[in-house]
Amino acid sequence: MRVGVPKEIKVEEYRVGLTPASVREYVAHGHQVVVQQGAGEGIGAGDDAYRLAGAAVVDTAEEVFSVGDMIVKVKEPQPSEWTRLREGQILFTYLHLAPDVPQTTGLIASGCTAIAYETVTDAHGGLPLLAPMSEVAGRLAIEAAGAALRKSADGMGKLLGGVPGVPPARVAIIGGGVVGTHAARMAAGLGSEVTILDRSLPRLRVLDDIFLGRVRTRYATLEAIEQEIVAADVVIGAVLVPGASAPKLVSRAQLGIMKRRAVLVDVAIDQGGCFETSKPTTHQAPTYLVDDIVHYCVANMPGAVPVTSSHALNHATLPFGLALASKGLRALVEDPHLRAGLNVHRGRITNRAVAESQHLSVVMPEEALAS
Ligand SMILES: NC(=O)C1=CN([C@@H]2O[C@H](COP(=O)(O)OP(=O)(O)OC[C@H]3O[C@@H](n4cnc5c(N)ncnc54)[C@H](O)[C@@H]3O)[C@@H](O)[C@H]2O)C=CC1
Ligand SMILES: CC(=O)C(=O)O
Ligand SMILES: [Mg+2]
């Protein structure tokens, strides 16, 4: 198969769909890889590194999209990319379609087969292609919160870890999955007082075992969330209902009961955000104030550390990408976990949560692939 890797064009996105090490694996499996000039610049991988790995380097995104049987990216396609996709072409990337009507419409119109990293599953109920970026975003969330708490950044002026004799900041993390766990690890490591809230009792049990009393766990009732946000200096939004728009867990009215200049970091913003007042921001202008509460809502947080993120992402996507390159759509028929990633196929939505979020009809992947 011919595999195309365009340069990412989302604002401040420096990750790349395939690293040179991954290109070498595709080539070793007999595939051709076409990479857009400069695609790996953000991770310090020049065009020569790609050539050395066996790729052909072309000048424009147009060439990559026109020759690729499969396009491997990082971020959801942008409007200029929707129009380059075509029927019969596989798109393998993050999509986050539930809250994104224009992109959904663009992908339906293209006729392409769009496989979303974030809905591919594994045998243990996990999301193996979301996990590495959630690890990165969870860790970054605490760095972002620490920076946003500073007075110069409009925060209340508190140090996450405090100092001897002065208490540390209180961090409430809503959602104790991959993002929440990695955020808790960083916050606890810096000396903050940390509480994780989740709706899953089995998950709370696992967290209790991992943190051995260093982090409090709490069942996420409406009342518990309200009590925790009143006391918190930082609230991290880290919930996920796979494929669906994030539930809104903190309302605008509740901002009024929080400490002035406390910080909300809405990691779940790529699924629409879990605070009512969240709207996507960029690394260039990451925060804004609503009712005297600092909001950080960057939708591509791992893009800030593209070297770590691109390698971590490639380690997870490589086996699935190789299966798609070798078998085409048969890879989806044979592997139910990869098939769970199918969101749009030949103009039809094939993910129930996405369809329900947008009040559209769904065709199940098995049926869509059979016709
Ligand atoms: N902004 C960014 O750059 C990035 C955003 N993300 C996003 O972060 C979010 C979290 O991802 P993961 O940690 O990998 O998901 P996960 O599936 O590992 O964890 C989500 C947790 O939320 C809990 N949850 C669901 N509904 C809840 C509710 N109403 N109240 C309390 N807990 C609830 C679940 O029980 C689960 O433990 C996702 O939306 C993901 O797309 C991930 C990476 C980067
Ligand atoms: C998961 C995601 O949206 C990201 O890494 O940007
Ligand atoms: Mg994102």
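Only Lys, Arg, Asp and Glu count, each charged at its Cβ (+1, +1, -1, -1), so figure out the dipole size of the chain about its Cα centre, rounded to 20 debye. Mind showing how you got there, number by number?
Working: 34 positive and 38 negative charges, 111 e Å.
Charge dipole of the chain: 540 debye, to the nearest 20.
With the other protein chains left in place, how much accessible area per residue, in square angstrom, belongs to region 1-56 at a 1.4 angstrom probe?
Counting only protein heavy atoms, the per-residue value for region 1-56 is 44 Å².
Cα-based Rg of region 34-140 per 2.2 N^0.38 Å, rounded to two decimals?
Against the empirical 2.2 N^0.38 Å value, I get 1.17 for region 34-140.
Classify region 165-281 as rounded, prolate or oblate, taking a ≥ b ≥ c as the square roots of the eigenvalues of its Cα gyration tensor: rounded when a/c is under 1.5, otherwise prolate if a/b is larger than b/c and oblate if not.
oblate
Roughly how many Å² is the accessible area per residue of region 233-371, as a whole number, for a 1.4 Å probe? It would help to have the intermediate numbers written out before the result.
Details: 5470 Å² over 139 residues.
Heavy-atom SASA per residue in region 233-371 reads 39 Å².
What FRET efficiency comes out for the pair A109/T282, r = Cβ-Cβ distance, R0 = 30 Å, nearest 0.05?
0.70
Are any of the pairs K10/K158; K73/K151; K7/K327; K10/K279; K151/K279; K7/K279 more than 28 Å apart by Cα-Cα distance, and if so, which?
Values: K10/K158 33 Å; K73/K151 38 Å; K7/K327 25 Å; K10/K279 16 Å; K151/K279 22 Å; K7/K279 26 Å.
Pairs exceeding 28 Å: K10/K158; K73/K151.
Once you place label points 7 Å from the Cα toward the Cβ at H359 and L159, how far apart are they in nm?
5.3 nm
Say each of H124 and R260 gets a label point 7 Å from the Cα, pointing the same way as Cα to Cβ; how far apart are those two points in nm?
Spacing of the two 7 Å Cα→Cβ label points: 4.7 nm.
At 222 nm, what value in deg cm²/dmol follows for the chain if DSSP H runs of at least 4 each add -39500 (n - 2.57) and the sum is divided by all its residues, to the nearest 500?
Helix contribution divided over all residues of the chain: -10500 deg cm²/dmol.
From the mean inverse distance of alpha carbon pairs (Kirkwood) and the Cα radius of gyration, derive Rg over Rh for region 127-172.
Looking at region 127-172, the ratio lands at 1.13.
Calculate what fraction, in whole %, of the accessible area of the chain sits on carbon and sulfur atoms when a 1.4 Å probe is rolled over the protein chains.
55 percent
Report the residues of region 344-367 in range of a label on T83: point 7 Å along Cα→C-beta, backbone N strictly under 20 Å from it.
Answer for this model: 347.
So what does T281 come to for accessible area, using a 1.4 Å probe and Å² rounded to 10?
Number for this one is 20 Å².
How large is the translational diffusion coefficient of the chain in µm² per second when you combine the Kirkwood radius over alpha carbon pairs with Stokes-Einstein at 37 °C and 0.692 mPa s?
In µm²/s, the coefficient is 155.
Compute the FRET efficiency between R252 and A147 as 1/(1 + (r/R0)^6), taking r as their Cβ-Cβ distance and R0 = 35 Å, and round to the nearest 0.05.
Plugging the Cβ-Cβ distance into 1/(1 + (r/R0)^6) gives 0.90.
Which value, in Å² and to the nearest 10, is the accessible area of E366 when all protein chains are kept and the probe is 1.4 Å?
About 100 Å², rounded to the nearest 10.
Within region 357-371, what residues put their amide N at less than 20 Å from the label point 7 Å along the Cα-to-Cβ vector of V333?
Those under the cut-off are 363-371.
With springs only between Cα atoms under 10 Å apart, run a GNM on the chain and tell me which of P77, P164, P247 wobbles the most.
Looking only at P77, P164, P247, the largest GNM fluctuation is found for P164.
Cut-off 10 angstrom, C-alpha nodes, Gaussian network model of the chain. Which of V241, V33, V179 fluctuates the most?
Of the options given, V241 has the highest mean-square fluctuation.
Ordering S371, S152, S22, S357 from largest to smallest accessible area (1.4 angstrom probe), what's the sequence?
S152, S371, S357, S22
Have a look at R352, R205, R139 and tell me which one the Gaussian network model of the chain (Cα, springs below 10 Å) gives the largest fluctuation.
Greatest mean-square fluctuation among the candidates belongs to R205.
Amide H to amide H, which residues 5 or more places from R348 or on other chains are under 5 Å from it, using H placed in the peptide plane?
When sequence neighbours closer than 5 places are left aside, there are no close amide H contacts.
Rounded to the nearest 0.05, what FRET efficiency do Y219 and D291 give with R0 = 22 Å and r taken as the Cβ-Cβ distance? Could you check?
FRET efficiency, Y219 to D291: 0.20.
Order the following by accessible area, largest value first: R15, R185. Probe radius 1.4 Å; ligands, DNA and RNA are ignored.
Putting R15, R185 in descending order of accessible area: R185, R15.
Give the Debye-formula value of log10 I(q)/I(0) at each listed q (0.10, 0.12, 0.13, 0.23 Å⁻¹), with one equal scatterer per alpha carbon of region 264-371, two decimals each.
Log10 I(q)/I(0), no solvent term: -0.46, -0.63, -0.72, -1.11.
Extending each Cα 7 Å along its Cβ direction at V166 and T60, get the distance between those two points in nm, one decimal.
5.7 nm
Taking a ≥ b ≥ c as the square roots of the eigenvalues of the Cα gyration tensor of region 1-56, is the shape rounded (a/c under 1.5), prolate (a/b larger than b/c) or oblate?
Taking the square roots of the gyration eigenvalues as a ≥ b ≥ c, region 1-56 is prolate.
The values are calculated or read from the model by the stated rules, or taken from the named source; none is laboratory data. In this text, all values refer to a predicted model and were calculated from it rather than measured experimentally. Every residue, glycine as well, gets a Cβ built from its backbone with ideal geometry; the counts of neighbours run over all protein chains shown. To get the accessible areas, we keep the full protein, side chains included, count just its heavy atoms, and leave off ligands, DNA and RNA. Shrake-Rupley method; radii C 1.70, N 1.55, O 1.52, S 1.80 Å.
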